[in-house]
């Protein structure tokens, strides 16, 4: 099993954003949207949709996935993606003050999506979201 943790602790750019703004992350508050990496890709977006549909009331606008893993079953040729996320709050002190990086206790959620689920999710998305990103 491989684990992908993306470090977003780099210094902010001149505009103050760590990741370029993405209009497709409209479901997140502006602070968490700067930290959300996995939701920018089809696997993370499919995982968020799957998780949101299974929770009464949906997901909070402060929830994003912070860990992504490739899960491959023994003897299988296909693999799945496992995402783990939390609701985050803004750091109020320290070197990362103002960043949405503090996980709220009790909000951990994990979801696994197969390549078939990701393909099905991409098939129902509008053509605009399938455009290549810079």
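What to note about this one:
- Selection count, the range 52-85, where residues are within 11 Å of residue 109 (Cβ to Cβ) and over 11 Å from the mean Cα position of the chain (by Cα): 5
- Just one residue in the set 87, 69 is closer than 18 Å to residue 30 by Cα, assigned to a strand (DSSP E or B) and at pLDDT 90 or above; that residue is 87.
- Residue that is modelled with the lowest pLDDT [pool: residues in the range 96-124 that are assigned to a loop (DSSP other than H, G, I, E, B) and surrounded by 15 or more Cβ atoms within 10 Å (Cβ to Cβ)]: 99
- Residue selected from the range 65-84 under the condition in contact with a helix residue (DSSP H, G or I) (Cβ under 9 Å, 6 or more places away or on another chain) and free of Cβ contacts under 8 Å to residues at least 40 places away in the same chain, by the criterion nearest to residue 52 (Cα to Cα): 65
- Filtered residues of the range 26-59 (kept if assigned to a loop (DSSP other than H, G, I, E, B), at negative phi and surrounded by fewer than 18 Cβ atoms within 10 Å (Cβ to Cβ)): 26, 29, 41, 55, 56
The values are calculated or read from the model by the stated rules, or taken from the named source; none is laboratory data. The structure displayed is predicted, hence computed values, not measured ones. All Cβ positions, glycine included, derive from the backbone under ideal geometry; neighbour counts span all protein chains shown.
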